[in-house]
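Trainee: The structure follows.
The values are calculated or read from the model by the stated rules, or taken from the named source; none is laboratory data. A quick note: this is a predicted structure, and the numbers were derived from the prediction, not measured. Every residue, glycine among them, receives a Cβ derived from its backbone with ideal geometry; neighbour counts consider all protein chains shown. Remember, those area values only see protein heavy atoms, side chains included, never the ligands or the DNA or RNA. Shrake-Rupley method; radii C 1.70, N 1.55, O 1.52, S 1.80 Å.
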Amino acid sequence: MFLFFISELKDAVRVRHSCPLFVKCLQKMCQMQRGAGSSSDPCRRPLLQVRPTWEVGAPPCSFFNESRTGSGSCCLSVRSCFREYFTHKFRAMLGKTRLIFPGEKVLLAVSGGPSSSAMLSQVQQGLGQSAQKKLRFLPGLVHIDEGGALGLSLGERQRLVSELKAIFQTSGFPFHVIPLEQVLDLPTSAVNTTPPSSDRAPDCYKAAGDGGELQQGGALAEPSVHEAQTRSLQQLLGSATTLTAKEELLRTLRQHLLVHEARTRGYSKLLLGESCTRLAVRLLTCVSLGRGAHLAQDTGFSDCRFGDVTFVRPMREFSAKEIAVYNHMFRVPTVVIPSLETKTLEKASIQRLSESFVSRLQQDFPSTVSTIYRTSEKLQTAGGGCCEEDGRCLLCLCSLDTAAGKASALQARLISEQLCCQKPAGTVKVEPSPPAGPCCSSADGECGSAAGGAVCCSSEAPEKKDLQKLLCYSCQLTLRDMSSVAHLPQYILTEAQRRKRRSLMKDEISEFLLEEEEGSS
Amino acid sequence: MAAPVSVHLEFGGGAELLFDGVKEHHVTLPSQPEPWGMRQLLVWIQRNLLKERPELFVQGDSVRPGILVLINDADWELMGELDYQLQDQDNVVFISTLHGG
């Protein structure tokens with residue numbers, strides 16, 4: 001076993017102590033590294049770098065014997081090794097990708113959970129240190145208080161927020177705590193892609209951002225939450241009939257709010273603390289939710305679907321276990337905020353089920369997470385992700401994947417759904433023009449006939465149908481699980497109407513457009 | 001006959017929600033014929049400390065996958081998992097790494 005270990009590292013490691021526990025520990029670390037870092041990765045180095053401490057210091061096996069007393073000096077060598085390994089991995093991730101420029105304003109989305117708290121502590125250390133690999137960006141923190149959506153009491157929410165604020169204050173970075181209720185008042189720009197380098201967008205945003213910051217001066221202006229807003233937020237989430245849809249909806253709303261915050265405050269990068277375990281779960285969830293086309297964006301290191309604000313996931317090389325151990329060892333403060341999944345059963349939602357699938361498999365096959373995660377690394381979006389706004393989903397802003405051909409699975413599903421929907425009207429009805437065609441053009445006629453036949457559709461159904469045309473496949477499914485679209489935030493509805501009008505207008509003038517094109521070519 | 005063992009239990013990462021939100025427990029395990037191991041400890045926790053939804057904490061005779069167990073700050077996988085014999089003044093930590101605790 002020893003020989004295996006040595007050859008694995010391809011280094012002349014002379015380990016003097018043959019304590020079985022020590023060997024086990026090294027193997028574990030080896031496994032961890034093999035799992036989490038790619039083969040050419042600099043992540044391997046820390047293990048070798050700290051080797052001298054093990055060799056020179058007290059026998060490593062005493063770590064296990066003495067650690068019982070708590071703070072044995074030998075613990076320190078293993079601890080410092082782990083810390084160095086962790087820090088190195090974090091910085092290597094940011095350094096390798098060269099996505100964040102020196103002096104750039106970067107917003108950290110901190111939920112208070114283990115992963116984002118570890119990220120915060122890493123950024124804190126990276127900026128404070130006088131090491132050569134110092135981080136050079138200007139961080140800000142944002143936390144979205146989702147208590148309203150989860151149905152927490154006001155007192156409970158205040159307690160959680162004040163706990164978080166205490167953590168944020170010690171970090172010394174400017175921070176913003178925003179209640180999720182604000183998502184109801186977003187402008188329509190939240191669901192539009194803004195070109196990254198544009199001069200105009202930052203300008204108008206900057207004005208708002210500067211004003212906000214002056215007012216805050218490091219702390220935050222307390223955005224007040226009205227009870228009515230909380231209620232309408234709850235209504236919105238309540239209109240989603242399944243937990244799966246609820247979670248997706250919440251995720252979408254959170255994303256919009258984060259992007260809006262980053263824009264108004266002039267941040268160009270948004271760091272998310274998703275760990276590799278979480279991303280592996282997310283990958284499987286995405287596939288099950290019909291978001292296969294958006295896998296690369298949803299789980300990749302960077303995601304620029306919003307144009308001017310890029311999502312970055314610097315924690316994606318860390319497994320949840322590593323993070324938990326790190327937080328425990330170095331007393332990183334975290335705040336436990338219940339989520340929609342808290343205390344739910346295993347099969348309550350697709351997200352929950354994928355998570356328990358992955359964690360259960362991971363227990364017997366420790367390379368599960370890294371294998372899934374490696375897969376996600378290799379995925380790329382075919383379209384490149386830069387198409388005009390009409391070609392983007394209204395909710396998730398990914399490019400639409402619904403333009404599939406007539407013989408696609410999507411069309412087959414739509415047809416069977418239409419057939420199902422029409423059954424109650426009686427079988428006398430003539431079949432819907434069989435090819436059902438490109439759904440966009442025929443859907444209107446379809447709607448009219450349905451209303452004429454007084455079928456199952458309620459009064460808001462047409463609206464839902466209109467909305468559905470603007471969504472990607474997965475968001476369509478989410479919408480289908482919602483009892484009504486009336487509770488959706490105004491900015492989404494307004495934008496939907498605008499896009500509908502635009503497409504109508506386009507249809508009207510399409511003839512001329514074509515002619516023009518032909519003429520010019 | 002094993003002597004009573006006093007251990008320090010800690011729950012984190014959301015696992016404490018199943019224990020009325022109490023993170024730290026100092027407990028003394030009563031003396032019993034066979035020595036106290038992790039297997040017995042889990043049963044004892046389930047009977048005496050766990051307030052709700054045992055299926056979210058234990059699965060079979062082990063902890064639910066996704067809950068990390070540290071014995072004296074070392075991963076319990078290194079210590080023999082369920083077969084580890086508890087010593088007096090041991091420190092056992094349960095951290096949930098699952099979403100939502």
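Trainee: Under 5 Å between amide H atoms, partner at least 5 residues away or on a different chain: which partners does B:ASN72 have, H built in plane at 1.01 Å?
Mentor: B:ASN91, B:VAL92, B:VAL93
Trainee: At a probe radius of 1.4 Å, what is the per-residue accessible area of A:ILE144, in Å² to the nearest 10?
Mentor: Accessible area of A:ILE144: about 20 Å².
Trainee: Accessible area, 1.4 Å probe, largest first: how do A:LYS269, A:LYS500 sort?
Mentor: Greatest to least solvent exposure: A:LYS500, A:LYS269.
Trainee: Order the peptides A:347-355, B:52-60 from the highest to the lowest mean number of other Cβ atoms within 10 Å of their residues.
Mentor: On the way: A:347-355: 19.9, B:52-60: 14.3.
Averaged packing, sorted descending, gives the order A:347-355, B:52-60.
Trainee: What residues have an amide H closer than 5 Å to that of B:GLY12, excluding those fewer than 5 places away on the same chain, when H is modeled at 1.01 Å from N in the peptide plane?
Mentor: Excluding prolines and chain starts, which carry no amide H, the hits are B:PHE94, B:ILE95, B:SER96.
Trainee: On to the next question. Work out the mean other chain Cβ neighbour count within 10 Å for the residues of A:324-332 and drop it here as an integer.
Mentor: Per residue, the number of nearby Cβ atoms from other chains is 3 on average.
Trainee: I'd like the mean, over residues of B:86-99, of how many other protein chain beta carbons sit within 10 Å of each residue's own Cβ. Intermediate values should be presented prior to the final figure.
Mentor: Working: counts 0, 1, 1, 3, 1, 3, 0, 3, 0, 9, 4, 14, 10, 16.
Shielding by partners across B:86-99 averages 5.
Trainee: A further question follows. Mind listing the long-range amide H neighbours of B:GLN59? Cut-off is under 5 Å, sequence gap 5 or more, other chains count too, H placed in the peptide plane at 1.01 Å from N.
Mentor: Under 5 Å from the amide H of B:GLN59: B:ARG64.
Trainee: By average Cβ neighbour count within 10 Å, what is the ranking of A:246-252, A:360-366 from highest down?
Mentor: Values: A:246-252: 22.0, A:360-366: 15.1.
Highest mean packing first, the order is A:246-252, A:360-366.
Trainee: Pop out the ³J(HN,Hα) list for the stretch A:267-279 in order, Karplus 6.51 cos²θ - 1.76 cosθ + 1.60 with θ = phi - 60°, rounded to Hz; leave Gly and Pro as x.
Mentor: Residue by residue, the stretch A:267-279 yields 8, 9, 10, 10, 8, 9, x, 7, 7, 5, 5, 4, 6 Hz.
Trainee: Determine the alpha carbon to alpha carbon distance for each of A:LYS105/A:LYS133; A:LYS269/A:LYS506; A:LYS133/A:LYS321; A:LYS165/B:LYS23 and list only those over 23 Å.
Mentor: On the way: A:LYS105/A:LYS133 18 Å; A:LYS269/A:LYS506 35 Å; A:LYS133/A:LYS321 25 Å; A:LYS165/B:LYS23 21 Å.
The answer is A:LYS269/A:LYS506; A:LYS133/A:LYS321.
Trainee: Then there's this: Take every DSSP beta bridge with both residues inside chain B and express the antiparallel ones as a percent of the total, to the nearest 5.
Mentor: Just about 75 percent of them are antiparallel.
Trainee: Next question, about the same structure. What is the magnitude of the charge dipole of the stretch B:5-96 about its Cα centre, with +1 placed on the Cβ of each Lys and Arg, -1 on the Cβ of each Asp and Glu, and no other charges, expressed in debye to the nearest 20? Working shown, then result.
Mentor: Working: 6 positive and 15 negative charges, 66 e Å.
My answer is approximately 320 debye.
Trainee: Further question on the same structure: Let me check something: with ligands and nucleic acids excluded, how do A:CYS421, A:CYS472 order by accessible area (1.4 Å probe), largest to smallest?
Mentor: From most exposed to least exposed: A:CYS421, A:CYS472.
Trainee: Moving on. Between B:LEU78, B:LEU42, B:LEU50, where does the largest GNM mean-square fluctuation fall for chain B, given springs only between Cα atoms within less than 10 Å?
Mentor: Taking springs between Cα atoms under 10 Å, the residue moving most is B:LEU78.
Trainee: Using Cα-Cα distances under 8 Å and only pairs 6 or more residues apart, what relative contact order does the stretch B:5-96 have, in percent?
Mentor: Values: 144 pairs, mean separation 40.1, N = 92.
Computed over the stretch B:5-96, the figure is 44 percent.
Trainee: Mind ordering A:275-285, A:502-512 by average Cβ neighbours within 10 Å, highest first? Please report the intermediate quantities before stating the final value.
Mentor: On the way: A:275-285: 26.1, A:502-512: 11.0.
For the peptides A:275-285, A:502-512, the packing ranking is A:275-285, A:502-512.
Trainee: Excluding ligands and nucleic acids, what accessible area in Å² is computed for A:LEU99 using a 1.4 Å probe, to the nearest 10?
Mentor: Approximately 50 Å² for this residue.
Trainee: Mind listing the phi-derived Karplus ³J(HN,Hα) values for the stretch A:496-503, rounded to whole Hz, using 6.51, -1.76 and 1.60 with θ = phi - 60°, and x for any glycine or proline?
Mentor: Along the stretch A:496-503, the couplings run 4, 5, 4, 5, 5, 4, 4, 5 Hz.
Trainee: Hey, how many Å between the Cα centroid of the stretch B:10-34 and the Cα centroid of the stretch A:401-415?
Mentor: 54 Å
Trainee: Please report the accessible area of A:ILE337 (heavy atoms, 1.4 Å probe, ligands and nucleic acids excluded) in Å², nearest 10.
Mentor: 50 Å²
Trainee: Same structure again: In peptide B:62-68, what is the residue-averaged number of other protein chain Cβ atoms found within 10 Å of each Cβ?
Mentor: On the way: counts 1, 1, 5, 10, 10, 2, 7.
Shielding by partners across B:62-68 averages 5.
Trainee: Another question, if that's okay. Read phi for every residue in the stretch B:33-39 and hand back ³J(HN,Hα) as whole Hz from Karplus 6.51 cos²θ - 1.76 cosθ + 1.60, θ = phi - 60°, with x for Gly and Pro.
Mentor: Those phi angles translate into x, 8, x, 7, x, 5, 4 Hz.
Trainee: Simple spin-label model, 7 Å along Cα-to-Cβ: A:THR97 to A:SER367 in nm?
Mentor: Roughly 2.5 nm, to one decimal.
Trainee: How far is it, in nm, from the label point at A:ALA407 to the one at A:LYS500 when both lie 7 Å from their Cα along the line to the Cβ?
Mentor: It is 3.4 nm.
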